1. So Met42 fits all but one of (1) over 30 Å from Asn98 (Cβ atoms); (2) at pLDDT 95 or above; what number is the exception?
2. Residues that are in contact with an Asp or Glu (Cβ under 6 Å, 6 or more places away or on another chain) and more than 20 Å from Met42 (Cα to Cα): find the strands (runs of 3 or more DSSP E) completely inside region 66-144 holding 2 or more of those.
3. Looking at Ala121, Ala100, Ala71, Ala47, can you tell me which residue is over 19 Å from the mean Cα position of the chain (by Cα) and of a type in the set (Gly, Ala, Ser)?
4. Taking region 66-104 as the region of interest, how many residues are in contact (Cβ under 8 Å) with a residue 60 or more places away in the chain and either of a type in the set (A, V, I, L, M) or farther than 18 Å from Asp140 by Cα (or both)?
5. Go through region 76-130 and report how many residues are within 13 Å of Ile52 (Cα to Cα), surrounded by 16 or more Cβ atoms within 10 Å (Cβ to Cβ) and either aromatic (Phe, Trp, Tyr) or touching a Ser or Thr at 6+ places or on another chain (Cβ under 9 Å) (or both).
6. Can you confirm whether region 14-30 contains a residue that is modelled with pLDDT of 95 or more and in a strand (DSSP E or B)?
7. Among the listed residues Gly122, Gly139, Gly83, Gly106, which satisfies the condition of being modelled with pLDDT under 95 and either touching a strand residue (DSSP E or B) at 6+ places or on another chain (Cβ under 7 Å) or under 19 Å from Arg66 (Cβ atoms) (or both)?
8. Only one of these conditions is not met by Ile62: (1) at pLDDT below 95; (2) over 21 Å from Val143 (Cβ atoms); (3) among the hydrophobic types (A, V, I, L, M, F, W, C). Which number is it?
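The values are calculated or read from the model by the stated rules, or taken from the named source; none is laboratory data. None of these values were measured; they are calculated from a predicted model. Glycine also receives a Cβ, built like all others from the backbone with ideal geometry; neighbour counts cover every protein chain displayed.
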Amino acid sequence: MDKHAIKLLVAAVVMLLAGRASAADCLPDVHGGWIRLAPGGMQMMLAGFGRIENPCPGSTTITSARSAAFADVSLHRTSLVDGISRMRAVPRLPIAANGAVAFEPGALHLMLMQPAKPLKAGDHVRIEFHLLDGRDFHGDFVVRNPGG
């Protein structure tokens, strides 16, 4: 093998290994995260919204969420069943490769229970998400007034 062929082979191996490392290190991203304050200052139960994008070449699954700012964080989905709005826990949330999920009012959302301290509009809250493969990622959520 000549020097040029060896250089090309080494470059190809390096690119292949770099691609594997970046895929293994690839994590979803939270975009536009926000928490809606409840009307009347009631803060025992709040909701979080935003978009989680999975830029990775493989699918992933969120299995739980947590935050030091709340006693409990869980994933929920609101749906209309027989004309009645129902909320159910979502134990696993798959996100396709290069896909996204939206957390929106009246649909998929984060249920945020018992804040550790009173929150006000403009505060930032870190929420951590746990993946089925054991890894974690986090997002920044901005607190907003109701209707704001």
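1. Single failed check for Met42: (2).
2. The strands (runs of 3 or more DSSP E) meeting that bar are 124-131, 136-144.
3. Answer to the check: Ala121.
4. So the count comes out to 1.
5. Selection size over region 76-130: 8.
6. yes
7. Numbers: Gly122 fails: modelled with pLDDT under 95; Gly139 fails: modelled with pLDDT under 95; Gly83 fails: either touching a strand residue (DSSP E or B) at 6+ places or on another chain (Cβ under 7 Å) or under 19 Å from Arg66 (Cβ atoms) (or both).
Result: Gly106 is the single residue among Gly122, Gly139, Gly83, Gly106 that is modelled with pLDDT under 95 and either touching a strand residue (DSSP E or B) at 6+ places or on another chain (Cβ under 7 Å) or under 19 Å from Arg66 (Cβ atoms) (or both).
8. (1)
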